[in-house]
Amino acid sequence: MGRYLLRRLVTLPIVLLVMVTVSFFIMRMAPGNPFSAERTLPPEIQQSLDEKYGYDAPLLVQYGRYLGRAVQGDLGPSTKFKDRTVNEILADHIGPTIVIGLGALILSLSIGLMAGIIGAIRQNSMLDYSSMSVAMFGMSVPRFVTGPVLVLLFALHWKVFPVSGYEASFHTWPWAIGGLGVLFVAWRLREWKRSGAPGSANFDPGQEIAAFWIAMLVIATSLIVLLLVTNETLILPSLVLALPFASRIARLMRAGMLEVIHQDYIRTARAKGLTETAVIVRHALKGGMLPVVSFLGPAIAALLTGGLVVEKIFAVPGIAREFIESALNRDYWMALGTVVLYGTVLVVLNLIVDVAYGFLDPRIRYD
Amino acid sequence: MRTRSPLLAGTLVCAALFLTPGCGDDGTTPASDGAGPTAGQDDGSAGGDDSSGGDDGGERVHVGDGGRPSGGDGTSTSAIPREGEALKGFDWSTLFPAGDGWKQFPQELVFNNGAEPDTLDPHIMTGVPEHRITMAMFEGLTGHHPRTLEAVPAVAEWWEISDDGLTYTFHLREGLTWSNGDPLTAEDLRWSWERAMAPTTASQYAYQFYAIKNGREFSDGTIKDFAQVGAKVIDPLTFEVTLHSPTAYFLELTSFETLFPIHRGSFEKHGIQWTRPENFVCNGPFVLSEWRPRDAIVMVPNENYWNRNMVRLTKIVAKPFDDLNTAYNEYIAGKMDWLPDVPQKRIDEVMLDPDYYAWPWLGAYFYRFNTTKAPFDDLRVRQALNLSIDKQSLCLDTLKSGETPATVYVPRAVRDYVDYPTLEGPAYDPAKAKQLLADAGFPGGEGFPDIDLTFNTSERHKQIAEVLSSMWRENLGINVKLRNMEWKVYLEQVRSMDYQMARAGWIGDYVDPNTFLDMFVTDGGNNNTGFASAEYDALIKSASSEPDLAKRGQMLHEAEKILCLEHLPIMPIYDYVKQGVRRSRLQGLQENIRATHPFQWMYMDGPPAQGR
């Protein structure tokens, strides 16, 4: 496992280099330049601008210079937002995208998993049909429709949420982390009392590690839920972003569960007299979730890159729109900067998904 | 629900429109309407294809020429002395007396600026969103009257102009300071101009200095020594500017951002970071208090502003919503007081809003013909296309927002501000158009090749193109294929003359026919039609140095006749209007053709809006 991880991490820079190279040259092939506008600039001013931003050098030289700077962590100036560097713009706008994206992830998982499991357990019931029809609807209606409609209903008509904007305050987080921490300690103490404290013969370090990761997952989820609940501006954008994913997750989960539920080991579990809940939670879920997990990698990536519509409709100062607009603006360094950022995120996410596979499916081994 | 149904309908229609591919708001085309991705820049990107007027034309800031104001709306414009010592001690409060009623209301203005400003550096900025912000925080030697656009005293308390019109002596106010308390003297102006002109600054508006002696040479690097440029400090309160030829609108140039002073200490200490709130030093009515990119810019009054008593607003919040639909929703919810642009997709609903206004704007919407290639190298074909479209019906039935159909290029409303004779082009006449096309060898459109009509992707441009092409099909029997493309690609194709017929828009730089007409001189950088006329070039050239304003207007008039009646390399379609909504409690927002609205005149005469 360790060697596998190492190998994947070593290939990361190579993948990035390929992405940057391809994007660099493709972008320069597109017609127009960062300063082209309806009004043609006098040639001498165009010249000064090209010199200032280094566009007067031959393309290969520019490419070399860019790589040199990028390796040192300097992604260059932005020709559009002239007071800020690409690094600053990325830092300014990555936060909202992550917050909305994570919010959407939690929402889509909770809605999707719930609907999928219910659909599978009560297969071919009214409940199953209706939740799957809703899911079909959620998947096929694009966000630029759901967005305005939800705004109309929740913001303008019922006035429960604001029309737009982005406000994320984290001041409740220390309390939540403290409280959950106390709960975690209490839980471990109780476990140790029952099965053996550290140092005793019965102590199982593997269980401690598992408990730690479960706690981390629970804390992270609770924090994001808390953020959504305490910041009313986040709910509508997260929801609109989540809907198509929730629908897809529901369908995947239902299919995955249906397949697992008819397997022999589930029959065995039932035969030995386990309750239906125990069968589902302890045995069926793990196997049934595999399709969802493999979907999560690309889904998280899509949540981070695909927020353009949501960011526009709700005026969220996120990074997805910088990604698109910088390319349209021919803001070369800015566009490359977003490529580098997204590239890194995607590669790392795919890695995490591959590793998670190993945990969920004992048949998968990495060596 | 009943009372909301129009709203509901509006939004649903909107949602439906979103489905249309290529429509701006789906976000995939932030650039849509000329809205250049260079958002808010020349191309008015501010609004995706919502941007009112649609103009890619470039909603860019305009340099006024204002030397010749037209009187205005009776708000005592004549109270402004024109020049010389008469300006000294001019009492501003006489301009727009407001009484005391406003004082009981909170003086906070939230408005939609339409895009995230590219920069807050006045020397580097180019677009309208940047213009609104920098106008609030900086001030040049002169300012302008919010209604008539006349030059009014600002940093300069008064000025003298030499008889030959070449030397301007500006007398600065005594005791002027920057927002941090540093004194502001003539040396600040000299240094700022040097910085703005320097090739290393690479200001896209450096050409605003070309009127000044050696301004062009210094900014392109042929002259390295700024002492040779016609901008001299006589003493701390006297700044002397020498022009290389008389320029009627020079006092308007000095109210333009590129010629504003900026604070040297702050710039030299912080580099490009000088525009951050913590480093920001300025000399205008407001100072920068917060800058949250893509979220808000907050400005508060500058306590060191020389005319602090005139400034009534206590806080200005500029929101950067480029989704005008969202902005209008915020307006309905009572969160904003002024939208300088409205969503075109909901125009039917917006026009019923009691707060709606539509003011003539200094812009023209037209189509370019590529006159170097068949079939548009034939004048009769161009005339036939022009005569066979019913612009009246286009404006009334399709655009529906007060645009005036245009038969000539220079917008009609310019005549309210400058001395310029009226010109009428030919009216809608399909019979004559048919005849002309037949004369050109295509009776009934037979044998006429299919034409490509190029435009940048935008719902509005598409709509107009569809209406016009159906008129051509009906009246002339010819086929027009619509070709939409991304903004920068479209620009490149027009520039390289790789088109047959192309949409265009132009927003004037200053209130004068010249800003429209001088682009069509032979081989002009913005001509892009192949039009070349020695007679036209001569008229434009002699007009630029003609001191007699009436004669000058006549010359430009003759030039426009050549352009629009004789050669027709372009087909005028309509004059832009600037549409917006503003609360009735927002006072001091005055109509003017440049759609530039200084904040120091504005105040709130009523309680905050409750939303609907």
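Quick grid of which residues meet (1) hydrophobic (A, V, I, L, M, F, W, C); (2) free of Cβ contacts under 8 Å to residues at least 60 places away in the same chain:
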position: A:133; (1), (2): no, yes
position: A:156; (1), (2): yes, yes
position: A:165; (1), (2): no, no
position: A:171; (1), (2): no, yes
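Right, residue A:52: at the interface with chain B (Cβ under 9 Å from one of its Cβ atoms), more than 25 Å from residue A:343 (Cβ to Cβ) and in contact with a Ser or Thr (Cβ under 6 Å, 6 or more places away or on another chain) or not?
Judged against the criteria, residue A:52 is not a match.
Which residue out of B:275, B:222, B:254, B:247 is within 13 Å of chain A (Cβ to nearest Cβ) and either within 30 Å of residue B:542 (Cβ to Cβ) or surrounded by fewer than 21 Cβ atoms within 10 Å (Cβ to Cβ) (or both)?
When all the criteria are applied, what remains is B:222.
Take segment B:545-557 and flag every residue that is part of a helix (DSSP H, G or I) and surrounded by fewer than 16 Cβ atoms within 10 Å (Cβ to Cβ).
B:549, B:550, B:551
If you take the residues of segment B:545-574 that are among the small types (Gly, Ala, Ser) and more than 14 Å from residue B:520 (Cα to Cα), which of them is modelled with the highest pLDDT?
Only one residue fits best here, namely B:553.
Mind counting the residues in segment A:79-107 that are of a type in the set (Asp, Glu), under 30 Å from residue A:246 (Cα atoms) and touching a Ser or Thr at 6+ places or on another chain (Cβ under 8 Å)?
0
Of everything in segment B:197-207 that's on the phi < 0 side of the Ramachandran plot and crowded, with 21+ Cβ neighbours inside 10 Å, which residue is modelled with the highest pLDDT?
B:197
Output the residue which, of all residues in segment B:169-189 that are touching a Ser or Thr at 6+ places or on another chain (Cβ under 8 Å) and assigned to a strand (DSSP E or B), is nearest to residue B:213 (Cα to Cα).
B:169
Hey, any hits in segment B:281-295 for a residue that's within 12 Å of another protein chain (Cβ to nearest Cβ), among the charged types (D, E, K, R) and in contact (Cβ under 8 Å) with a residue 24 or more places away in the chain?
The answer is yes, given that some residue of segment B:281-295 is within 12 Å of another protein chain (Cβ to nearest Cβ), among the charged types (D, E, K, R) and in contact (Cβ under 8 Å) with a residue 24 or more places away in the chain.
When you scan segment A:67-76, do you find a residue that is within 14 Å of another protein chain (Cβ to nearest Cβ) and closer than 27 Å to residue B:489 by Cα, even just one?
Checking segment A:67-76: at least one residue is within 14 Å of another protein chain (Cβ to nearest Cβ) and closer than 27 Å to residue B:489 by Cα.
Give me the residue from segment B:428-462 that is out of contact with any helix residue (DSSP H, G or I) (no Cβ under 6 Å at 6 or more places or on another chain) and part of a helix (DSSP H, G or I) and, out of that set, surrounded by the most Cβ atoms within 10 Å (Cβ to Cβ).
The residue in question is B:461.
Restricting to segment B:101-123, count the residues that are outside any strand (DSSP E or B), within 14 Å of chain A (Cβ to nearest Cβ) and of a type outside the set (A, V, I, L, M).
9
Quick check on my filter: what residues within segment B:333-348 are under 20 Å from the mean Cα position of the chain (by Cα), closer than 20 Å to residue B:135 by Cα and in a loop (DSSP other than H, G, I, E, B)?
Once the filter is applied, which keeps residues that are under 20 Å from the mean Cα position of the chain (by Cα), closer than 20 Å to residue B:135 by Cα and in a loop (DSSP other than H, G, I, E, B), segment B:333-348 yields B:340, B:341.
Does segment B:321-337 contain any residue that is away from every other protein chain (no Cβ under 14 Å) and either buried (at least 21 other Cβ atoms within 10 Å of the Cβ) or out of contact with any Lys or Arg (no Cβ under 8 Å at 6 or more places or on another chain) (or both)?
Scanning segment B:321-337, I find at least one residue that is away from every other protein chain (no Cβ under 14 Å) and either buried (at least 21 other Cβ atoms within 10 Å of the Cβ) or out of contact with any Lys or Arg (no Cβ under 8 Å at 6 or more places or on another chain) (or both), so the answer is yes.
On the basis of being part of a helix (DSSP H, G or I), aromatic (Phe, Trp, Tyr) and more than 9 Å from chain A (Cβ to nearest Cβ), does residue B:531 make the cut?
No, not satisfied.
Would you mind telling me which numbered condition in (1) over 25 Å from residue A:29 (Cα atoms); (2) buried (at least 17 other Cβ atoms within 10 Å of the Cβ) residue B:490 fails?
So the condition that residue B:490 fails would be (1).
Given the options A:3, A:7, A:28, name the one that is more than 9 Å from chain B (Cβ to nearest Cβ), under 33 Å from the mean Cα position of the chain (by Cα), within 30 Å of residue B:197 (Cα to Cα) and of a type outside the set (Phe, Trp, Tyr).
After ruling out the rest, the residue left standing is A:28.
Given the conditions (1) β-branched (Val, Ile, Thr); (2) within 27 Å of the chain's Cα centre (by Cα); (3) not in a loop (DSSP other than H, G, I, E, B), which single one is not true for residue B:381?
(2)
What number of residues in segment A:152-176 are away from every other protein chain (no Cβ under 12 Å) and surrounded by 12 or more Cβ atoms within 10 Å (Cβ to Cβ)?
Residues flagged as away from every other protein chain (no Cβ under 12 Å) and surrounded by 12 or more Cβ atoms within 10 Å (Cβ to Cβ) within segment A:152-176 amount to 4.
So which residues in segment A:82-105 are in contact (Cβ under 8 Å) with a residue 24 or more places away in the chain and either at the interface with chain B (Cβ under 8 Å from one of its Cβ atoms) or acidic (Asp, Glu) (or both)?
A:89, A:92, A:93
Can you name the condition, by its number, that residue A:307 falls short on among (1) within 30 Å of residue A:62 (Cα to Cα); (2) modelled with pLDDT under 90; (3) within 14 Å of chain B (Cβ to nearest Cβ)?
(1)
If you scan segment B:500-544, which residues turn out to be at pLDDT 85 or above, over 30 Å from residue B:482 (Cβ atoms), of a type in the set (S, T, N, Q) and surrounded by fewer than 22 Cβ atoms within 10 Å (Cβ to Cβ)?
Hits for segment B:500-544 are B:522, B:533, B:542.
Pick from segment B:384-410 the residues that are part of a loop (DSSP other than H, G, I, E, B) and of a type in the set (Asp, Glu): which of them is nearest to residue B:500 (Cα to Cα)?
B:390
If residue A:176 satisfies all but one of (1) over 30 Å from residue B:328 (Cα atoms); (2) without any contact (Cβ under 8 Å) to a residue 40 or more places away in the chain; (3) not acidic (Asp, Glu), what's the number of the condition it fails?
Tallying (1) over 30 Å from residue B:328 (Cα atoms); (2) without any contact (Cβ under 8 Å) to a residue 40 or more places away in the chain; (3) not acidic (Asp, Glu), residue A:176 fails exactly one: (2).
Checking the condition over 30 Å from residue B:107 (Cα atoms), modelled with pLDDT of 90 or more and either away from chain A (no Cβ under 14 Å) or within 26 Å of the chain's Cα centre (by Cα) (or both), which residue from B:262, B:234 passes?
B:234
The values are calculated or read from the model by the stated rules, or taken from the named source; none is laboratory data. As the structure is a computational prediction, the values presented were derived from the model and not from experiment. Cβ sites come from the backbone with ideal geometry, for glycine too, and all protein chains shown count toward neighbours.
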